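The values are calculated or read from the model by the stated rules, or taken from the named source; none is laboratory data. Note that the structure is predicted; figures quoted are calculated from it, not measured. Neighbour counts are summed over all protein chains in view; Cβ atoms, including those assigned to glycine, are modelled from backbone coordinates with ideal geometry. The accessibility values were calculated without ligands, DNA or RNA, using every heavy atom of the protein model including side chains. Shrake-Rupley method; radii C 1.70, N 1.55, O 1.52, S 1.80 Å.
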Amino acid sequence: MVRPRAWFQSVSGDPERYPLNEVLYRDPKTGALLEVVHDLEALKARTPAAWMKTFDERYGRTSWPYGSGVWSKHEWVQPHVAPENVVSLYEGNTNLFWAERYGKKHLQLEDLWVKQCGTSHTGSFKDLGMTVLVSSVKQMISEGKPIRAVACASTGDTSAALSAYGAAAGIPVVVLLPKGKITAAQLLQPMANGALVCALDTDFDGCMRVVQELTKDPTIYLANSMNSLRVEGQKTISFEIVQQFDWEVPDWVLVPGGNLGNVSAIAKGFLEMKEVGLIAKLPRLVCCQAEKANPLYLAHQRAIAEGRDLQESDFEPMVAGETLASAIRIGNPVSLPKAVRALVACRGLVEQASERELAEAVARADRTGMFNCPHTGVALACLEKLVARKVIGADERVVVVSTAHGLKFTEFKAAYHEGRLPFESSLANRPLEMGSDPAEVVAELHRALDAVVP
Ligand SMILES: *Cc1c(COP(=O)(O)O)cnc(C)c1O
């Protein structure tokens, strides 16, 4: 068989190739983003049926490292990383949840699924990309590259994932955080995993400037989302979705978008599978933004007003406002050029949700057995709007990508149920305060149960 190969290439269209084991974050000529390009002809040397069989045989098993959802697609992700250098916490293989009750009750949709990517080691789907980045670093170290540490400027899920994978690999991690602007919960994961946690007297953008300065030193490797290796792990979401549907492609995939790496990654997964023949069509993609941080939504509206496809020139950066969906509070997304291409290729849409809409969508879905984070709430609220407008039809198969575990965002849930948000929480559910007399408690409970509306 022809050996699978991949390399970095600029998204600017420049044909020059760069090896994946080089410390490189941007196109050295133009500064444009890089992406990992796979030799799809080499992957075609095996038939689609043979790939599906291989993937199905590896799925969820213990043969290292192929049981991981990401590394079961090794040849398509990072073929140059040797199995002994893979740093895996058995990420991926997440539940594709049939949202039967939520779909039927609120949307008249029979075929609605939620891909629970946040049911993962650090509680968010960032694990999928981080296993690839840290494994690639371990590969470089094994080849003699003098890398001392990996670093990122993040306040939330990225720093948690980097800290866990760094600790698993024994590679030092530096996390730069804006002092006083993050919650205890967001701090705890990197602290517990032994990262060097730096609280800087600045905001997130200030931390970003520092980490870029810090990683000019090639011995400190930059893990922020301009690093295109992470996309290779995130794209396995698409592989898992079709694999879980016995290699059928859904009609729609909705994903919340901030820095826009993930909407690009999901499209990349589907496009590569289609090119090699594992699937015959592409789903339509929806990038779901919070109204407070909606620059791509506004760009898409400009394109619609002119009756044409989205272009990069439609985009204007903005200062993102405060939103409950804090992980997508981004006004100038780094992966914009990739996202524009992804949306055009997958006949994509961009929708938005207000704070009230996202919080109420979370509450409605939670009442049917889920436990959603606010970002997943943005995607659910956008789904509700697209179904109401009949853009998404009742007989279509829809997948919502849930990006984090609700348990990482308990402050948001507490504020909702305690009625502390700046709008009415229509499904607030507070504990009933009761005495200790059994007869009185039972009588009160009977009254309360009579009032329960499932
Ligand atoms: C990172 C993240 C997103 C957004 O992904 P982008 O690639 O930045 O668009 C959404 N939800 C959660 C929970 C995240 O951590």
Next item on the list: Could you please report the charge total around E411, scoring K, R as +1 and D, E as -1 over all other residues with beta-carbon less than 11 angstrom from its beta-carbon?
Entry: +2
Next item on the list: Just reorder M226, M434 by solvent-accessible area, largest first, 1.4 Å probe, all chains present.
Entry: M434, M226
Next item on the list: List every residue whose amide H lies under 5 Å from the amide H of K115, counting only residues 5 or more places away in sequence or on a different chain, with H placed 1.01 Å from N in the peptide plane.
Entry: F97, V400, V401, S402
Margin query: Rounding to the nearest 10 and keeping the result within 0 to 90°, find how far the Cα-based axis of helix 374-388 lies from the longest principal axis of the chain.
Written below: 80
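Please report the net charge: other residues with Cβ closer than 11 Å to the Cβ of R302, K and R +1, D and E -1.
On the way: positive: R308; negative: E306, D314, E316.
Taking every other residue near R302 into account, the sum is -2.
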Next item on the list: Give the percent of DSSP beta bridges with both residues in the chain that are antiparallel, rounded to the nearest 5.
Entry: 30
Checklist line | With Cα atoms, 0 to 90° folded angle of helix 157-169 axis to the chain main axis | finding: 50
Next item on the list: Report in % the part of the accessible area of the chain that belongs to carbon and sulfur, leaving out ligands and nucleic acids; probe 1.4 Å.
Entry: 53
Next item on the list: May I ask for the distance between the Cα centers of the stretch 279-299 and the stretch 5-45, given as a whole number of Å?
Entry: 25
Checklist line | Table column - 3J(HN,Hα) (Hz), the stretch 209-217, Karplus curve with 6.51, -1.76, 1.60, x for Gly and Pro | finding: 4, 5, 5, 5, 5, 4, 8, 5, 6
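Below 8 Å, C-alpha to C-alpha, sequence gap of six or more: please give me the relative contact order for the stretch 285-332 in percent. All intermediate terms of the calculation are to be shown ahead of the outcome.
Numbers: 56 pairs, mean separation 20.9, N = 48.
So the answer I get is 44 percent.
By the gyration tensor of its Cα atoms, with a ≥ b ≥ c the square roots of the eigenvalues, what is the shape of the stretch 308-413: rounded for a/c under 1.5, prolate for a/b over b/c, or oblate? Write down the numbers at each step before the final one.
Numbers: a/c = 2.11, a/b = 1.26, b/c = 1.68.
Note, shape of the stretch 308-413 comes out oblate.
How much area per residue is accessible in the chain when the probe is 1.4 Å and only protein heavy atoms are counted (Å²)? Provide the component values of the computation, followed by the final result.
Working: 19160 Å² over 454 residues.
That works out to 42 Å² for each residue.
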Next item on the list: Starting at the first residue of the stretch 57-68, write each ³J(HN,Hα) from the Karplus equation 6.51 cos²θ - 1.76 cosθ + 1.60 with θ = phi - 60°, in whole Hz, x for Gly and Pro.
Entry: 5, 7, 3, x, 8, 9, 6, 4, x, 6, x, 5
Checklist line | Extreme residue, positive dipole direction of the chain, given options I171, S154, L349 (C-beta unit charges) | finding: I171
Notebook entry, point to check: In nm, to one decimal, how far is the D251 label point from the E411 one, both placed 7 Å along Cα→Cβ?
Noted result: 4.0
Margin query: Report the gain in length on full extension from R5 to A49: 0.36 nm times residue separation, minus Cα-Cα distance, nm rounded to one decimal.
Written below: 13.8 nm
Note to self: Just to verify a number: what accessible area does H300 come out at with the full protein assembly present, 1.4 Å probe, Å² rounded to tens?
What the structure shows: 20
Note to self: Using the Kirkwood radius over C-alpha pairs as Rh, can you work out the diffusion coefficient of the stretch 212-323 via Stokes-Einstein at 25 °C, viscosity 0.890 mPa s, in µm² per second?
What the structure shows: 152
Next item on the list: Hey, can you grab everything whose amide H is under 5 Å from the amide H of Q352? Only 5+ residues off in sequence or another chain; H modelled, so Pro and N-termini drop out.
Entry: Q289
Checklist line | Potential extension, Y18-E312 segment - 0.36 nm per residue separation minus Cα distance | finding: 103.3 nm
Next item on the list: Starting from the coordinates of the alpha-carbon atoms of the chain, obtain the Kirkwood hydrodynamic radius over all distinct pairs and give the value in Å to one decimal.
Entry: 22.8
